[in-house]
Amino acid sequence: MGAVAHVLAVDAVPARSQMGSSLGFHIILACFGIAFAAVTLIAEWIGIRRGDAAALLLARRWSKVMAVLVAVGAVSGTVLSYEMGLLWPGLMGRFGAAIGFPFSVEGIFFFLEAIFVGVYLYGWRRLSPWAHWWSGVPIVVAGVLGALSVVAANSWMNSPAGYTLRHGKITSVDPVSVFFNASTPYETAHMVLAAYMVTGFVVAGVYAVGLLRGRRDRYHRLGFAVPFTLAGIAAPLQVMMGDIIARFIAHNQPVKFAAMEYVSTTTRNAAEWVGGILLNGHVYFGAAIPAFDSILVGFSPHTRVIGWDSVPAAQRPPLVTLIHLSFDLMVGLGLFLFALAAWQGWWWWFHRRLLVTAWFLVPAALGGVAAVAAMEAGWVVTEVGRQPWIVYRVMLVSDAVTPSRGVPVTLGVILALYAILTVVSIGVPMIMSRRWRQESPAEEEADQVPYGPSPARASPARPPVRPAVPRASSGGPDTP
Amino acid sequence: MSPSSEAIAVAVILFVVIAAYALFGGADFGGGIWDLLAGSTGRGEAPRALIDESITPVWEANHVWLIFILVLLWTAFPPAFAAIMTALFVPLSLSLLGIVLRGVGFAFRHTAQQLRLRQFTGAVFAAASLITPFFMGTVVGAVVTGQVPVHPAGNVLAAWTSPTAILTGFLFVVACAYVSAVFLVLEARQRRHQDLVRYFSLRAAAAGVVTGVLAGGTFAELSVSSPYVFGRLTGIALPLVAISIAAGVAVLGMLWLRWYHAVGLRVMAAIAVATVVWGWGLAQYPYLFPTSLPLAAGSAPTASLVALFVVAALAVLLVAPGFALLYYLQQRRLLTAADTDTDLRLAAQWEQALPGQPTAARAPAETRMATALVLAMLAIRAIKNVFSPTHRP
């Protein structure tokens, strides 16, 4: 059985590659779907509340970028929905009744998100300022709850629960246990925080580049500070969450954990490997911290850590080096981002102004790339680490894959299309920003001009907002 | 074994969702088709602008119906979902390709500044609007004719290349164009583009006639390829089919009379689409795949179905007000794309004065009204005659 599964698993390679690339692409856009609305709403809030023209300009422009990203995200999300069936009919045919439930809940939130995105993006011109602001709030809520539902489906594949299987057929389902399986709280919290970090650091990174190029006006400072603050709050929480999750995985999916940490045999005093390539049972180029893995898992060097020798070879994940290095990359980048946030926070605490030296801004500009890389690495760990199972210890990937012959073709098409989509979702905002600078350079530099005397603002549709009020909250990090 | 009442309830929800997607999603696809057919850049500018303005804010929300169809299908009827996805891998992949390209076109066409690029992305958007409904139609055709095996060993080419399936594909395309044109007539009218009202009225009428002809063709083909479904379509589902035809004729009549009643026309078009979808559902009952996979054997355990029911109720509670708001704002023309910053600044200057309501074009000639009534009665009688039990094979 094991050997047969192994051979068949080769057949699943194109399907796995297609699913992996689709998911890896969509998840970046999903992050923006979850968190970008929050970033934009904060800017708009500052703009309306304080009559801050720069903040409003930022919010308007961000919402346009959001329009592009949400459109591409809706499309790549549809691709994933199709692929659940096109690539894994075995999974859906047998377990659709269970795993389908969280997806159906997600449908509601996707709906709400799409509706209010429509209102928010196209309501700028003709809705009153606060009505417009409130039309964005459901996007934030639906983003988080939608993420919760979809990630719950993925968690279920890691911790299947809430169903009875008889003769290969599901005979009863407990939807609540399916939704709130053992992995759900950990995975969803991890993902939502990751979404805020990715969005925050990517957007902040764009304005860090602007600041580095000498555009140090309020527009760029705010453009950096708002998303960076949000991501900076998420970063320490994420580090804590990551630590908790690692311990959970050590108990819940010990073989995955063994692959993450290079634990070949079950042992006490397990060493923590940093880096390193596994070849023929030996770790090369890695640094081992004695007993530290045991300490991380159970706060004592005597903690027993389960190795991958606990299961037959056919049930161990492939590509152990990839899993381990991805894990290290994720942890390393997460700590790097945490350090960046702490640095800015420290400066802000003592100086009450934004730290804008090149020493800080250069790594901050790279923070977006780092956040995306960390998140992708995390998904590699959880998905490759679950192999060869599609539903952990219940169904093999090879039993779920489609018998249709066309997968290599669709894989090629998907890769080509996603190359185009990548160009679109990076290129379009870049074209937009260049055009904005050409069209109205003055507006960005108009430092600290509140709503201003321009007759433009005197219409009934957008009445002059209350002029700058004294600090009402700590929401705005940059008040010269 | 007869299907449980939960399975029937979820199947009903599924067909309500399919009807919604056919109507709203279909109209958006149809918009793309008219965009494709609008001619050269100069000539097609006005209709293209109207199509763009009426689709852009709502297409994403309309698209979600499709996700709901997939989710309902795989949660409530997993074996049917798995079989369809395996056997019809090719047309489903192609319809997905259309969806992706359409999204790319949407995302890019508003940013592209050079005419050449704009034309290209516009063409991608339009062409994609053609492929997607066509291949979705072939999928439905394959299911209706019972050509999808319950345990397929791979793609089944013959299932979706049968004459019925291909005809259904074309039928979907023209039906989308028809619904879309009807909606666009009203959009044009709301914006007081008299030329475009004429323009889309003519196209709605033409598409309506072609839809009717193709529907007839598909119907005739069904009598051979799927006797079970045909039998029920001319039996228990006949009232639905008749209502659909009557509503379709009524829409044509209203257009001909230039009686552009905003609600009436929309409702008639909606009835025409929804009843034909429900007729299909009723005709398949109690099978998921006519005569090979019964509903009872293909549905999920009761708890899953009940959960879906709850989700659907929640969706109605949460989503319906949202949708109402979206369409309300869109109809009041409070949702507009602001393309540039100049535009955004103009927004601030926007005078409240939505130009006052015009004096509606009143009183269509009475003779035309009378003729329309007579024709409608004749049409209904003809339908009755064709489908009356004595004529059934």
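We did not get these values from a lab; they are worked out from the coordinates using the rules stated. Nothing here was measured: the structure is a model prediction, and the numbers come from that model. Neighbour counts are summed over all protein chains in view; Cβ atoms, including those assigned to glycine, are modelled from backbone coordinates with ideal geometry.
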Quiz item: Charges only on Cβ, +1 for Lys and Arg, -1 for Asp and Glu: so what's the dipole of the range A:265-358 about the Cα centre, in debye to the nearest 20?
Solution: 300
Quiz item: Taking every residue in B:325-333, how many Cβ atoms of other protein chains lie within 10 Å of its Cβ, on average?
Solution: 3
Quiz item: Among A:Phe224, A:Phe179, A:Phe336, which comes first, second and so on when ranked by fewest other beta-carbon atoms within 10 Å?
Solution: A:Phe336, A:Phe179, A:Phe224
Quiz prompt | Simple Cβ-charge dipole of the protein assembly as shown, Lys/Arg +1 and Asp/Glu -1, about Cα centre, in debye nearest 20 | solution = 1700
Quiz item: Which of the peptides B:229-241, A:56-68 is most tightly packed, and how do the rest follow, judged by the mean count of other Cβ atoms within 10 Å per residue?
Solution: A:56-68, B:229-241
Practice problem: Specify, per residue and in Å³, the volume enclosed by the convex hull of the alpha carbon atoms belonging to chain A. | Solution: 157
Quiz item: To one decimal place, what Kirkwood hydrodynamic radius in Å is obtained for the protein assembly as shown from all pairs of distinct Cα atoms?
Solution: 29.1
Practice problem: Return B:Trp160, A:Trp389 ranked ascending by Cβ neighbour count within 10 Å, so the fewest neighbours appear first. | Solution: A:Trp389, B:Trp160
Quiz item: What does the helix-only formula give at 222 nm for the protein assembly as shown: each DSSP H stretch with n ≥ 4 adding -39500 (n - 2.57), the total divided by the residues, and the result rounded to the nearest 500 deg cm²/dmol?
Solution: -24500 deg cm²/dmol
Self-check item: Shielding score for A:122-134, defined as the mean number of other chain Cβ atoms within 10 Å
Solution: 4
Quiz prompt | Using θ = phi - 60° and Karplus 6.51 cos²θ - 1.76 cosθ + 1.60, couplings along the range A:321-337 (whole Hz; Gly, Pro as x) | solution = 4, 4, 4, 5, 5, 4, 4, 4, 4, 4, 4, x, 5, x, 5, 4, 5
Quiz item: Could you work out Rg/(2.2 N^0.38 Å) for the range B:217-291, with Rg from alpha carbons only?
Solution: 1.27
Exercise. Return the whole-Å distance between the Cα centroid of the range A:270-286 and the Cα centroid of the range A:184-202.
Key: 29
Quiz item: Convex hull over the Cα atoms of the range B:122-240, averaged projected area in nm²?
Solution: 9.5
Quiz item: Across the range A:61-76, in residue order, what do the Karplus-derived ³J(HN,Hα) couplings come to in whole Hz, using 6.51 cos²θ - 1.76 cosθ + 1.60 with θ = phi - 60° and x for Gly and Pro?
Solution: 5, 4, 5, 6, 5, 4, 4, 5, 5, 5, 4, 5, x, 4, 5, 5
Exercise. Whole number please: convex hull volume per residue, Cα atoms of the range A:341-394, in Å³.
Key: 96
Practice problem: State log₁₀ I(q)/I(0) for the range B:182-221 at q = 0.27, 0.29, 0.34 Å⁻¹ as given by the Debye formula over alpha-carbon point scatterers of equal weight, solvent excluded. | Solution: -0.77, -0.83, -0.98
Quiz prompt | Peptide B:80-89, shielding by other chains (average Cβ, 10 Å cutoff) | solution = 6
Quiz item: Amide H to amide H, which residues 5 or more places from A:Ser183 or on other chains are under 5 Å from it, using H placed in the peptide plane?
Solution: A:Ser159
Self-check item: chain A: angle of helix A:13-50 to the longest principal axis, Cα-based, in degrees nearest 10
Solution: 30
Quiz item: What are the extents of the Cα atoms of the range A:107-150 along their three principal axes, listed from largest to smallest and rounded to whole Å?
Solution: 34, 14, 10
Quiz item: If each residue's Cβ is checked for other Cβ atoms within 10 Å, how do A:Val70, A:Val409 rank with the fewest at the top?
Solution: A:Val409, A:Val70
Quiz item: Got a sec to turn the phi values of the range A:170-177 into Karplus ³J(HN,Hα) couplings, 6.51 cos²θ - 1.76 cosθ + 1.60 with θ = phi - 60°, whole Hz, x for Gly and Pro?
Solution: 6, 9, 8, 9, 10, x, 5, 5
Exercise. For the range B:25-65 and the range A:347-416, compute the distance between their C-alpha centroids and round to whole Å.
Key: 35
Exercise. Arrange the peptides A:322-330, A:286-294 so that the one whose residues have, on average, the most other Cβ atoms within 10 Å appears first.
Key: A:322-330, A:286-294
Quiz item: To the nearest Å, what is the center-to-center distance of the range B:290-335 and the range B:74-150, using C-alpha atoms only?
Solution: 21
Exercise. Obtain the radius of gyration and the Kirkwood radius of the range B:1-148 from its C-alpha atoms and give Rg over Rh.
Key: 1.05
Self-check item: Between helix A:184-212 and chain A: long-axis angle, C-alpha atoms, 0 to 90°, nearest 10
Solution: 40
